[in-house]
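Q: Dropping the structure in here first, questions after.
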Amino acid sequence: MALIRFDAFDPLSNLLALQQELERFIRNPAFNLGPSGYGAYPPINIFEDREGTVIISEIPGLDPSKLEISGAGRTVTIHGERKREEVNATGYHRRERPFGEFSRSIQLPNDLDMAQATAKYENGVLTLKIPKVEAARPRQITVNAAS
Amino acid sequence: MMPEQEIVTKEKQQVQGTESTRPGRYYVPDVDICEYPDKLMLWADMPGVSEKNVEVMLKDSTLTLTGTVSPETYNNLSPVYTEYNVGNYFRQFALNEDIDESRIQARMRNGVLEVELPKREHAKPRKIEVRTA
C-alpha cells in the first residue's frame, strides 16, 4: 500500500494525485465495514498512518455540539443531526441538500485504543483519529551481539 | 411539513462541460435556494473549503461559486477504504431576479457557503392598495 506523499511545491498536481489514490480504494471490497456500508450517511473515508486509523467524513453544516461519537471495542458510531437554516421562505428554487438525523456504526479491523481517540470538526469535515493499542504498535527490536 | 426522510449519501457529481486548465476534478455542490420577498438565499455544501478558499462572483446575471480544497490534510495518510473523492467545487446559476450586486453578502460556516442576494428596490413585490371608488 503506497503512502501518499506530496511534493510541497506543487499543490495543483497534489490534488490530482490524491484523487487518484482515493479512487483506487473506492468501496474497497476487501474491507469489511460491518452494519452500515456505502450509501449510509455520512460518507466516510478510512485511512491508516503510523499511529493508527484515521476516519474522515464530510458532514457540512453541522452544529458541533450535536455531533456524538462513541466507540466500543472495534465499533465507532457517529451520530448527529443536520438542520435546515431557512425559515419562512416564500418559495424554493432548489432543495438538494440532505437533512435529518443520522447514525452510522463503522467496524474497524484492528484493535484500537478508543480511550485515546481524538475528533476534530473543521470546515464541515470530521476527522477522527484512533490510535492502535500499545501491543499492536510496531516496535524496534534491538539486536544484541553474541558475546 | 414534509415527513422527514431517512438521510442518505448521494454520489458526488463531477462538473460537466467546461474543462479547467488545472488538473483535478471539480464537483457540483448540493445547493438550496430559497426566495424571500426582499432577497434570495442560497446555501451550498462545500465540505473541506475554508472561508479563505471560496469565491462568489456575480457578473452579467451569472452567479459563480468556486471552492478549493487543500490536499495537505491527507499528507502521510494511506487510504484503506474510501466512499467519496475530494475535489474543488464549482457551480454557476443564471439569475432571473434583479439582484443588487453591491449588497450581496456571503459567509462560510462549517463547510456551508451562505449567500444572501438582496433584490433591487423595484424588483420587490409591492402591495397595491385597492380603494373603493
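Q: In straight Cα distance, which lysines are under 17 Å from B:Lys39, not counting same-chain residues fewer than 8 positions off?
A: Of all the lysines, those that pass the test against B:Lys39 - Cα under 17 Å, at least 8 places apart if same chain - are B:Lys119, B:Lys124, B:Lys127.
Q: A further question follows. In straight Cα distance, which lysines are under 20 Å from A:Lys132, not counting same-chain residues fewer than 8 positions off?
A: Once the sequence-local lysines are set aside, what remains near A:Lys132 is A:Lys120.
Q: Now for a different question. For each pair in A:Lys129/B:Lys10; A:Lys66/B:Lys59; A:Lys83/B:Lys52, compute the distance between the two Cα atoms and list the pairs where it is over 32 Å.
A: In this structure, A:Lys66/B:Lys59 exceed 32 Å between Cα atoms.
Q: Please rank B:Phe90, A:Phe99, fewest neighbouring Cβ atoms within 10 Å first, as an exposure proxy.
A: A:Phe99, B:Phe90
Q: Another one. For chain A, what value does the Rg/Rh ratio take when both radii are computed over Cα atoms and Rh is the Kirkwood radius, given to two decimals?
A: Answer for chain A: 1.07.
Q: Calculate the tail of P(r) for region A:94-147: the fraction of all Cα-Cα distances greater than 15 Å, expressed in %.
A: Roughly 72 percent, once rounded to a whole number.
Q: Count, for each residue of B:87-99, the Cβ atoms from other chains sitting within 10 Å of its Cβ, then give me the mean as a whole number.
A: Per residue, the average neighbour count from other chains is 1.
Q: Please report the Cα spread of the protein assembly as shown along all three principal axes, rounded to whole Å, starting with the longest.
A: 116, 43, 28
Q: Hey, another quick one. With springs only between Cα atoms under 10 Å, which of B:Gln92, B:Gln16, B:Gln105 fluctuates most in a Gaussian network model of chain B?
A: Residue with maximal mean-square fluctuation among B:Gln92, B:Gln16, B:Gln105: B:Gln16.
Q: What is the distance, in nm, between label points placed 7 Å from the Cα along the Cα-to-Cβ direction at A:Asp49 and at B:Glu116?
A: Those two pseudo-labels are separated by 3.8 nm.
Q: Another question, if that's okay. Quick one: helix A:11-24 against the long Cα principal axis of chain A, what's the angle to the nearest 10°, folded into 0 to 90?
A: 80
Q: I've got another one for you. Can you give me the distance in nm between label points at B:Ala94 and A:Thr118, each placed 7 Å from the Cα along the Cα-to-Cβ direction?
A: 5.0
Q: Could you work out how far apart the two model spin labels at A:Ala89 and A:Gln20 are, taking each label as a point 7 Å from the Cα in the direction of the beta carbon, and quote it in nm?
A: Computed distance between label sites A:Ala89 and A:Gln20 equals 4.0 nm.
Q: Taking a ≥ b ≥ c as the square roots of the eigenvalues of the Cα gyration tensor of region B:1-102, is the shape rounded (a/c under 1.5), prolate (a/b larger than b/c) or oblate?
A: oblate
We did not get these values from a lab; they are worked out from the coordinates using the rules stated. Here the structure is a predicted model, which is why all the values come from computation and not from measurement. Here the Cβ is made from the backbone with ideal geometry for all residues, glycine too, and neighbour counts use every protein chain on show.
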